[in-house]
1. Kindly provide the helix-only [θ] at 222 nm of the chain, computed as the sum of -39,500 (n - 2.57) over DSSP H runs of four or more divided by all residues, to the nearest 500 deg cm²/dmol?
2. What is the Cα centroid distance between segment 24-74 and segment 85-132, reported in whole angstrom?
3. Which order do Leu18, Leu115 take when ranked by solvent-accessible area (1.4 Å probe, heavy atoms of all protein chains), largest first?
4. Mind grabbing the accessible area of Val100 for me, 1.4 Å probe, Å², rounded to tens?
5. From largest accessible area down, sort Cys33, Cys25; use a 1.4 Å probe on the protein chains.
6. So which trypsin sites (Lys or Arg not before Pro) in segment 1-68 end up in coil per DSSP with only 13 or fewer other C-beta atoms within 10 Å?
7. Under DSSP H, which helices of the chain have Cα atoms covering 18 Å or more of the helix axis and a Kyte-Doolittle average no less than 0.0?
8. Going by accessible area, probe 1.4 Å, with all protein chains left in place, what is the ranking of Cys30, Cys122, largest first?
Amino acid sequence: ELTHSTRLVDVLREVLSLRGTHEGCDTAQCGACTVCVDGRAVKSCNVLAQQVAGQSVQTIESLASDPAHLHIIQQNFSQHHALQCGYCTSGFVMRTLAMVHEEVPAEPDAVRRVLGGNLCRCTGYEGIVQAVVSSLQTLRAKP
């Protein structure tokens with residue numbers, strides 16, 4: 001049952017069965033629950049569903065129509081070996097999608113700073129940073 005205190009992550013996972021958005025820490029520290037709300041990166045464990053009523057909520061499920069046609073960000077994460085267990089990956093991918101329209105330079109140090117709110121326990125971040133930089137360069141170059 002939805003109430004005024006139902007979190008966005010719960011609506012996505014339990015009501016809409018969009019299980020690509022993960023809950024890792026329940027305190028908005030890890031970023032595994034990151035989605036885009038009207039193009040902005042939002043940690044869905046820390047937002048009430050009613051707060052985003054009427055806004056566009058984009059999850060990892062919306063990026064690729066099928067595994068044979070991955071979004072360029074997903075392709076870059078694969079190409080740069082930017083995933084291992086995969087638990088944090090959807091949050092990193094959605095944060096990258098939001099960065100495309102932000103003023104974040106497509107260079108490693110700037111990307112590392114912005115990704116400070118997303119945690120990964122497996123990869124060591126270098127592949128993730130490379131994937132994000134590559135994605136920003138490619139997506140910003142498109143007309």
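1. Values: 4 runs with 42 residues, N = 143.
Helix-only estimate at 222 nm: -9000 deg cm²/dmol.
2. Each part's Cα centre sits 14 Å from the other's.
3. Details: Leu18 45, Leu115 10 Å².
Highest to lowest solvent-accessible surface, that is Leu18, Leu115.
4. Only protein atoms counted, so the area is about 20 Å².
5. On the way: Cys33 5, Cys25 45 Å².
Accessible-area ranking of Cys33, Cys25, largest first: Cys25, Cys33.
6. Working: sites: Arg7, Arg13, Arg19, Arg40, Lys43; in loops: Arg19.
Those satisfying the criteria are Arg19.
7. Values: long enough: 126-141 (23 Å, 0.66).
Answer set is 126-141.
8. Values: Cys30 20, Cys122 55 Å².
Order by accessible area, largest first: Cys122, Cys30.
The values are calculated or read from the model by the stated rules, or taken from the named source; none is laboratory data. Because the structure is predicted, anything quoted here is derived from the model rather than measured. Methodologically, a virtual Cβ is constructed for each residue, glycine included, from the backbone with ideal geometry; neighbour enumeration extends over all protein chains shown. Side chains included, ligands, DNA and RNA excluded: accessible areas come from the protein's heavy atoms. Shrake-Rupley method; radii C 1.70, N 1.55, O 1.52, S 1.80 Å.
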